[in-house]
Each structure stands twice: as structure tokens, then as C-alpha cells.
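FYI, it's all coordinate maths here, none of it is from the lab. Just so it is clear, the structure is predicted and the values come from calculations on it, not from any experiment. With ideal geometry, Cβ positions are generated from the backbone for all residues, glycine too; neighbour counts draw on all protein chains shown.
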Amino acid sequence: MEQQTTKAAIIYGVNDRPPLQETLFAAIQHLLAIFVAIITPPLIISKALHMDLATTGFLVSMALFVSGVSTFIQCRKFGPVGCGLLCVQGTSFSFIGPIIAIGQAGGLSLIFGACIAAAPVEMAVSYSFKYLRRIITPLVSGIVVMLIGLSLVKAGVMACGGGDPAAEDFGTPRNLIVAATVLASVIALNCSNNKYIRMSSIVLGVVVGYILALCMGMVDFGSFNASNVEAFYVPIPFKMGVDFNVSSIIAVALVYLVTAIEATGDVTANSMVSGEPVDGEVYVKRVSGGVFADGLNSLLAGIFSSFPNSIFAQNNGIIQLTGVASRYVGYFIAAMLVVLGLFPIVGIVFSLMPSPVLGGATLLMFGTVAAAGVRIVASQKLDRKAVLVIAASLALGMSVELMPTILQQLPQSVQTIFSSGITTGGLTAIVANALLNRK
């Protein structure tokens, strides 16, 4: 009955071709909903690793470019690769913690090497998912998603204060006012009765904050030299180099396992809101193709000096609101992202964005991620064993986030794997859940 109701609400199905005007309108709505989410991970990682403006701008541009290519692969579907639905991909938040830890140890080349080498893990999961589901249960994935959100809140708070806790202006009233204005704007816009304003709330909140920061003299144009900015980027494989380290690969591989589970849920939700089957052979092939493409696209991201991708869940809400599930809309979204990524000025403009503007926008986003994890955990049977798994995972995961120096006496390889609360808590959840529920 629910499937029939959903199908009745769809104006254009997965394989329909809406008129050009309606296709463009739907594509722009999707773009507004995902744009800030795509550029946020490279901005946070760049600030954490103290990258210069040119490198930050390049990483932002490549994130947009790769997200466009990835979205096209998912929507177009090439043989067994891709889900063939209106699934939009973008830079994943899940990898931020491990990537920063790896980057602090070995720089960008080590990050991209780990992301490339570990990507086949998710691709392999697409063919063996039913077996891994016994190990990575919804309880485990919910805990990991919760840890992702909670660990990222720290980065959001640091950005609100100004980015660098050692800086003299960190936490000044000016920084906090800008961050609070952005946060309040996003919340207020989310309460609007206009569905399109709600979908664009984060972008509009960032615009408000950027304008306020400009008026307060917080945008540093001194670091911008127009003569050094290229007019057009030609994406070059391995431009930033690659390096490999076993411990870094292990740390990233665990997150790929989690994103495989997330991708399965996202493809399922997308099928549901698009009026497509959520069981049977067609559904299984879509999930398998979607998860495989998720891993392949992350591998491509590493090759083109960007960070791993994942399917964005927020676009499912836009399909529901617009009634447009046509995958051809995805082609337009992909083209827009690729074009934006090929012009360096786009990346530079957002790289100049003051940290408090980014912080105000991301605090709510990261809190939402944590809340999604809570919802997944709450949907499971929370008996004594489940509570023990949750308690152990959160305790150990957050301990390395709150007190990272606890690992400083251990070998560097151990520090690389366990310095992220996501990997520490995630491994704890997997092991504890397996031990406590063995038969």
C-alpha cells in the first residue's frame, strides 16, 4: 500500500524525461541542498592541516568535479556499476577524522594513497553484503554514524571560534557573533513554510554569514592574488601524489565498510521515494550497483586528488517534495557540479570564507549526523548486551577524541589507526557486538 501511495505521488518516474525547464528547476533544487555539504569536508581538512589558499581552493574544486562525475556514474549506470536512480554523490563527512589524522602524519599524498588502496573494500562489500551484515549490524552502523557526528562537532566548534585555538582572535565576540548568526539563520530558514527555502537553508545561511563577515572586515583578500589563479582547471590524475602506509589503509578501510552500509540504506530509501521496488531482483541489483559505484567513485576521487564520496541522503527528501524522480535530472546536477569544479575561482571564493561562517553552518549539520545515528540505534532492540556495546563504543571512541595524547607513547602505526574516534569506536562496536552476541 505504501509503495502504491509513493508511486502515485511521483510526477516523473526514474526513466521519464521531464521537459527541460522542469529538469533544470529540479536540478537546481538538488544543487542548493548539497553544495555546502560537498565543499565542507575539504574546507575542514584543509584548515586542520593548515593548507594554503591555492591548495584549499584546488581541493574544493576537485571535490565538486569528482562529485559531478560520481553522480553521473550512479544515475547513468554502466553495466553493473551504478544504481540507475536519481542518487546524488558528494564528499563524505565520514572520513574527515581519519583523514586529518593521516594527513598530520604524512600529508596529502598519504591521504590519497590510503583512500585509493582501501576503496576496493567497499567494492568487494557490494558482492558479499549479506555476509557482512552479520558482523556490521544496524546497531554497529548506528553507533559509528553517531560517533561521526559527535567527533565532527569538535571541528565545528573550533571553526566557530576562528579555526585555530592558538590564534589570538580565537573565540572573540566577533567570531562568535558571525557563527551564531549563521546558525540562527539556518534554523530560522528551516522553520519556513516554503519548502524551497527549507531546502536551501544552509546555502542561504552561509550567504548571510559571508555578507556579515565582509561588512565586519573578516574576509582576508590580501591572500588572494588574481594573477596566480588559473582560468580553468584540467583535472590531472595523481596531481598531489600518492603514498601508502598499511596502518592508514586499515583506518580508512573500516570507514568504507560503514559507508557501504549507509549506501545500502540510501539506495533503499531512494527506491522507496521514487516508487521503485524495495525487494526482489531489480532492487538487489540496484543496491549492489550503487554500493560498488560508491567505492569506485571514491577510488576515482583519490586519483583526482579529492576525498572519498558517498551517496547523499538529503536528496531523497527533494524527490519527495518535487515528485521528480527522473535520473535524467541527475545528469544536469552532475554537469553543474563538474562545471563549477573546473573553474578555480569558485574554490577560491569559498576558501576565503571565514572559519566562523563555516562553523555556524556545520554545527547543525554535524548534530544532524549524530541524531541520525541515535535514530538508527533507537530502532534496534536495546537489551542489556546492546547497551554494553553502545557504552563501550562511545566511551572508547570519545576518549581518543577528548584526550588524543593518551596514544602518544604507542607506535606511530597504532596512533594512525586509533587516533580517530570513528575507527576506535567502530572497531570496538564490531568486536563487542560479535563477542556478546555469539551463539
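Using a Förster distance of 41 angstrom, determine the FRET efficiency expected from the C-beta separation of Thr368 and Val234, and round it to 0.05.
Working: r = 36 Å, r/R0 = 0.88.
About 0.70, to the nearest 0.05.
Quick one: net charge around Pro80, please, counting Lys, Arg +1 and Asp, Glu -1 for every other residue with C-beta under 11 Å from its C-beta. Intermediate results must be reported in sequence, preceding the final value.
Numbers: positive: Lys77, Lys285, Arg286; negative: none.
Result for the local shell: +3.
Determine, at each q value in 0.09, 0.10, 0.14 (inverse angstroms), the log₁₀ of I(q)/I(0) that the Debye formula gives when each Cα of the chain is one equal point scatterer.
For the chain, the Cα-only Debye profile gives -0.54, -0.68, -1.41.
If r is the Cβ-Cβ distance from Lys195 to Leu20 and R0 is 22 Å, what FRET efficiency results, to the nearest 0.05? Please list the in-between numbers first.
Numbers: r = 22 Å, r/R0 = 1.01.
Efficiency for this residue pair is about 0.50.
Which whole-Hz ³J(HN,Hα) couplings does region 340-357 yield from phi under the Karplus relation 6.51 cos²θ - 1.76 cosθ + 1.60, θ = phi - 60°, glycine and proline marked x?
Rounded to whole hertz, the list is 4, x, 7, 10, x, 4, 5, x, 5, 4, 7, 6, 7, 4, x, 3, x, 5.
Taking amide H positions as placed in the peptide plane 1.01 Å from N, state which residues far from Asn309 in sequence (5 or more) or on other chains have amide H under 5 Å from it.
The answer is Ser92, Ser298.
Quick one: 3J(HN,Hα) in Hz for region 138-154, Karplus 6.51/-1.76/1.60 with θ = phi - 60°, rounded, Gly and Pro as x.
Residue by residue, region 138-154 yields x, 4, 5, 5, x, 4, 5, 4, 4, 5, 4, x, 5, 5, 6, 4, 4 Hz.
Treat each spin label as a single point 7 Å out from the Cα along the C-beta direction, and report the Arg375 to Phe244 distance in nm.
In this crude spin-label approximation the distance works out to 4.0 nm.
Per 5 Å bin, what percent of the C-alpha pairs of region 62-188 does each bin hold, from zero upward?
Computed distribution, short to long bins: 2, 8, 10, 14, 18, 18, 13, 8, 6, 3, 1, 0.
For Val431 and Tyr131, calculate 0.36 nm times their separation in residues minus their Cα-Cα distance, and state this gained length in nm to one decimal. Could the numbers behind the result be given before it?
Working: separation 300, 0.36 × 300 = 108.00 nm, distance 1.59 nm.
Additional length available on full extension: 106.4 nm.
Using the Cα centre as the reference, give the magnitude of the dipole from point charges on the C-beta atoms of the chain (Lys, Arg: +1; Asp, Glu: -1; all else neutral), rounded to the nearest 20 debye. It would help to have the intermediate numbers written out before the result.
Numbers: 22 positive and 19 negative charges, 229 e Å.
Taking the Cα centre of the chain as origin, the dipole is about 1100 debye.
Going by average Cβ density within 10 Å per residue, which order do the peptides 89-97, 381-389, 299-307, 181-189 take, highest to lowest?
On the way: 89-97: 27.9, 381-389: 13.6, 299-307: 23.4, 181-189: 19.3.
Ranked from most to least packed, the peptides come out as 89-97, 299-307, 181-189, 381-389.
For Glu122, Glu281, Glu262, Glu22, which order do you get if you count the other beta carbons within 10 Å of each Cβ and list the fewest first?
Values: Glu122 28, Glu281 8, Glu262 22, Glu22 15.
Arranged by neighbour count, lowest to highest, Glu122, Glu281, Glu262, Glu22 become Glu281, Glu22, Glu262, Glu122.
GNM on the chain, C-alpha springs below 10 Å: top fluctuator among Ala159, Ala54, Ala378?
Maximum fluctuation in the GNM of the chain, among the listed residues, is at Ala378.
In sequence order, what are the phi-derived ³J(HN,Hα) couplings for region 421-437 according to the Karplus relation 6.51 cos²θ - 1.76 cosθ + 1.60 with θ = phi - 60°, rounded to whole Hz, with x for glycine and proline?
Listing the rounded values in order: x, 5, 6, 5, x, x, 5, 4, 4, 5, 5, 5, 5, 5, 6, 6, 10 Hz.
Using the Cα atoms of region 277-343 to build a convex hull, what is its mean projected area in square nanometres? Please list the in-between numbers first.
Details: hull surface 22.2 nm².
Taking a quarter of the hull surface, the average projection is 5.5 nm².
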